[in-house]
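S.K.: Sharing a structure with you now.
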Amino acid sequence: MAENIRFKQFLEAGTVSVSIMLLQRYREIGLADTELMVYIQIKAMLDRGYFEPSTEAIAKNMGVEARDVFAQIESMRAKKLVNFLTKHDDQKRLVTTLDFQPMYDKLLTLVQDGSVRAIDRADKKTVPPVGDEPSRAEIFDMIEQEFGRQLSPTELETVINWFEIDHFLPVLIRAAIKEAVLNQALNLRYIESILVNWAKLNYRSEQDVLANSKRRQNYRSKQSGVKKNPKDHIPLDVDLLTLNPDKL
């Protein structure tokens, strides 16, 4: 009897439908693990008719603070994965709900990109380039790992603009982050200045960066190897008053 009651409660709790593609490729659209869990919690509430999901309820389910949940939602908003919409509920009250259509659109873009590449391979018999191209999610993870913290909404927007407005290549973004780490200048503006400079130099790969770095090293080596005129050398271990000027 008790088992039947528990099973009934299990069925009455309902289910939530989540796209398999989202579960497989969420990192490619810039979604972090915790953000995915918050999304699933929100979708479960939306599917059950809650127009305005409660951050307190989600926080209780996840064992975190409500402000942490809100921070994850703001992060998804900064990544342009969700919109805040104001609408009237069934009782004509004005509520703010969440629209994840931008996230779904980005997933569909991944599908379309894959289809085009497949067609190109079949029709043109071209071999797709094999490289070490990092995904957008890997770039976000790399920056947060080097910074030792999560990025703020403003910082997230800056990085997103690198992809969507500036169209910096992911491989160059990764290389610029490494350059900033080596120079101990971990801030986004410095990384961005590197990317802007490389764009002006028309760099298209990490090989271009390495080649330029090698040229600079060779130039410095040549400069350091230039012989100085002996007359330019001033000895510091003699008494100048005893020197014969004619021998200088």
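S.K.: Going through the cross-link list Lys79/Lys106; Lys178/Lys214; Lys79/Lys200, which pairs have a Cα-Cα distance over 21 Å in this structure?
M.R.: Pairs exceeding 21 Å: Lys79/Lys200.
S.K.: At a 1.4 Å probe, what is the % contribution of carbon and sulfur to the accessible area of the stretch 19-64?
M.R.: The computed percentage sits at 52.
S.K.: A further question on this structure: How much accessible surface does Phe84 have with a 1.4 Å probe, in Å² rounded to 10?
M.R.: Phe84 has an accessible surface of roughly 60 Å² with all protein chains in place.
S.K.: Using a 1.4 Å probe on the protein heavy atoms only, what accessible surface does Arg6 show? Give it in Å² to the nearest 10.
M.R.: Arg6 exposes around 140 Å² with every protein chain in place.
S.K.: Right, another one. Over the heavy atoms of Lys79, what accessible area does a 1.4 Å probe trace out, to the nearest 10 Å²?
M.R.: About 10 Å², ignoring ligands and nucleic acids.
S.K.: Also: At 1.4 Å probe radius, can you tell me the per residue accessible area of the stretch 160-217 in Å²?
M.R.: 59 Å²
The values are calculated or read from the model by the stated rules, or taken from the named source; none is laboratory data. Predicted model only: the values in this text are computed from it and were never measured. What goes into the accessible areas is simple: the full protein's heavy atoms, side chains included, and nothing from ligands, DNA or RNA. Shrake-Rupley method; radii C 1.70, N 1.55, O 1.52, S 1.80 Å.
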